[in-house]
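The values are calculated or read from the model by the stated rules, or taken from the named source; none is laboratory data. Predicted model, so just to flag it, every value in this text is computed and none were measured. Don't worry about glycine lacking a Cβ; one is built from the backbone with ideal geometry, like all the others, and counts go over all protein chains shown. These area figures cover heavy atoms from the full protein model, side chains too; ligands, DNA and RNA do not enter into them. Shrake-Rupley method; radii C 1.70, N 1.55, O 1.52, S 1.80 Å.
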Amino acid sequence: MAINSENLSDATTDDTLDQRLSERLASLRQRQQWSLDDLAQRTGISRATLSRLERGETSPSASLLNRLCAAYGLPMSRLLAELENAPVRALPRSEQALWVDPETGFRRRMVSPPGAGFVGELIEGELPLGASVLYEQPSVQGLEHHLWLQSGALTLTLQDEAHPLRPGDSLRYRLWGSSRFQSTGSEPAHYLIAICHVSS
């Protein structure tokens, strides 16, 4: 089967990002001076799974990655942004970090070029038809989010309140509890989401 250049570029990006992600997760735990058992207790993720993640033998699902970020007090978007190479002013699409959830097929692309000192990040998400991703808790409490649905249909449930969205609809919120993204249309849900961090 032929592989077009865009797909090949995405696959290469996925492999490189997965390797850097495993190294980053290991360094975060070591910086905290936590054992694998310590981290397992804090996240509810088994020691064996954590070990495989840090060795790059498996990729974390969006749910597992969210639990790890919560333990470290680090937004998922910031964690993925920190995996990038030296900051650049312009970032071609082919070089934007693309992460794919192995469990749901959810695709998360870091649109914003990496750079220190910025408080906003722009993310592109694509959730396959019928897929659902649950985040049990925010990695950082109270972050401001701006979501704009481009195509498909998406129901975003914030704690117990469901927000059905159609193409062109937008939603602004602060995230304090659980959130669920569910693709409910006849095609994948494609959206942009801006996350604003509190400036230190």
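Numbers for the structure displayed
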| item | result |
| --- | --- |
| Failed item in (1) in contact with a Lys or Arg (Cβ under 8 Å, 6 or more places away or on another chain); (2) more than 16 Å from residue 77 (Cβ to Cβ), with residue 166 passing the rest | (1) |
| Those residues of segment 128-139 which are open to solvent by less than 20 Å² (accessible area, probe 1.4 Å) and part of a strand (DSSP E or B), in sequence order | 133 |
| Residue list for segment 179-200, restricted to those being at pLDDT below 95 and open to solvent by less than 90 Å² (accessible area, probe 1.4 Å) | 185, 195, 196, 197, 199 |
| Single match in 162, 90 (criterion: open to solvent by 20 Å² or more (accessible area, probe 1.4 Å), of a type in the set (Gly, Ala, Ser), part of a strand (DSSP E or B) and farther than 17 Å from residue 69 by Cβ) | 162 |
| Which numbered condition residue 49 fails, given (1) buried (at least 17 other Cβ atoms within 10 Å of the Cβ); (2) free of Cβ contacts under 8 Å to residues at least 24 places away in the same chain | (1) |
| Search result, residues across segment 95-120 that are out of contact with any Pro (no Cβ under 8 Å at 6 or more places or on another chain) and either open to solvent by less than 30 Å² (accessible area, probe 1.4 Å) or of a type in the set (S, T, N, Q) (or both) | 96, 97, 98, 99, 101, 108, 109, 110, 112 |
| Residue check for residue 173: touching a His at 6+ places or on another chain (Cβ under 7 Å) and among the hydroxyl-bearing types (Ser, Thr, Tyr) | yes |
| Residue check, residue 125 of a type in the set (Gly, Ala, Ser), loosely packed, with under 15 Cβ neighbours inside 10 Å and at pLDDT 90 or above | no |
